[in-house]
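Participant: I have a structure I would like to understand better, so I am pasting it below and will then ask my questions one at a time.
Nothing in this text is a laboratory measurement; each read-out follows from the coordinates by a stated rule. Nothing here was measured: the structure is a model prediction, and the numbers come from that model. Note that each Cβ is placed from the backbone with ideal geometry, even for glycine, and that neighbours are counted across all protein chains shown.
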Amino acid sequence: MALALPELLQIEKGLTAFIGSGGKSALMLRLAHALPGTVLICSTYYYYPYENTAFLSRSHVDERTEEDMLSFLLKENRVVCAGEMVGNGKLGRPVSSFSRLKALADYILVEADDAKGLPLKAHEKREPALPEDADRVISVIGALGFMRPVSESVHHPEIFRLLTGCAEDALARPELVARAHLNEKLTQNVFVNQVESRAHLVYAEGFVNATDYKNVIVGSVKNNAYKRYA
């Protein structure tokens, strides 16, 4: 019997942070509705509340008020987006600490990175903005970035070049993406998303083969199809 996505990614109760690029939000929403129990979705940046998902629509509240309101929402809704309203319909980081929020829900899913909509990312020194008390960190990589110019497919292409030693006009070959990921040393838990063609699968397998990671999940959130490479 095929494992479900939460089991493939080894999501357990507590706080899981998602970094990288290539579909973090879509992955988090898919997981939120696949996990058993209550789920809080948060970010250490800014994000729009997920469609058809309850969220706290107040700003300038203290920790106790925020926690009471989230507890109330979680009694009526299994999945809730948390964060302080910051304008333009966006939510920011919650007022309460993540260690306190962990007491409110079975699972906390936190988007801890921003890639400006690009499929690949290299990180500045201040990135990613990982929450305190993260129990697991998962890096998301977008297969749509493979074999495209680094300058077009990578957020912070200049850092990617430093990490890999590639030329300015280089393509984001799978082995280069693997080299950058290995050199950053942020996490060995990887999900390669956007694998929606045979070519994408070949590129994703090239990434896997260029690392020593023991559990990489390759697939497509859009198509709800996944495969583990151990």
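Participant: With a Cα-only, solvent-free Debye model of the stretch 119-220, what are the log10 I(q)/I(0) values at q = 0.11, 0.18, 0.25 Å⁻¹?
Facilitator: Scattering profile of the stretch 119-220, log10 relative to I(0): -0.30, -0.81, -1.47.
Participant: Looking at the chain as a GNM with Cα springs under 10 Å, which of 150, 39, 95 has the largest mean-square fluctuation?
Facilitator: Looking only at 150, 39, 95, the biggest GNM fluctuation is shown by 95.
Participant: Mind counting lysine pairs for me in the chain? Cα separation below 13 Å, and the two need to be 8 or more apart along the chain or on different chains.
Facilitator: The result is 5.
Participant: Here's a follow-up. If the viscosity is 1.306 mPa s and the temperature 10 °C, what Stokes-Einstein diffusion coefficient in µm²/s follows for the stretch 1-112 when Rh is the Kirkwood radius over Cα pairs?
Facilitator: Roughly 113 µm²/s, to the nearest whole number.
Participant: Related question: Per-residue ellipticity at 222 nm for the chain, helices alone: DSSP H runs ≥ 4 residues times -39500 (n - 2.57), over residue total, nearest 500 deg cm²/dmol?
Facilitator: Counting only the DSSP helices, I get -8000 deg cm²/dmol.
Participant: Rounding to the nearest 20 debye, state how big the charge dipole of the stretch 48-138 is about its Cα centre with +1 on each Lys and Arg Cβ and -1 on each Asp and Glu Cβ.
Facilitator: Values: 13 positive and 17 negative charges, 35 e Å.
For this selection, approximately 160 debye.
Participant: Taking N as the number of residues in the chain, what is its Cα Rg relative to 2.2 N^0.38 Å?
Facilitator: 1.02
Participant: Sticking with this one: Mean separation of Cα pairs under 8 Å and 6+ residues apart, divided by the residue count of the chain: what relative contact order is that in percent?
Facilitator: RCO, the chain: 23 percent.
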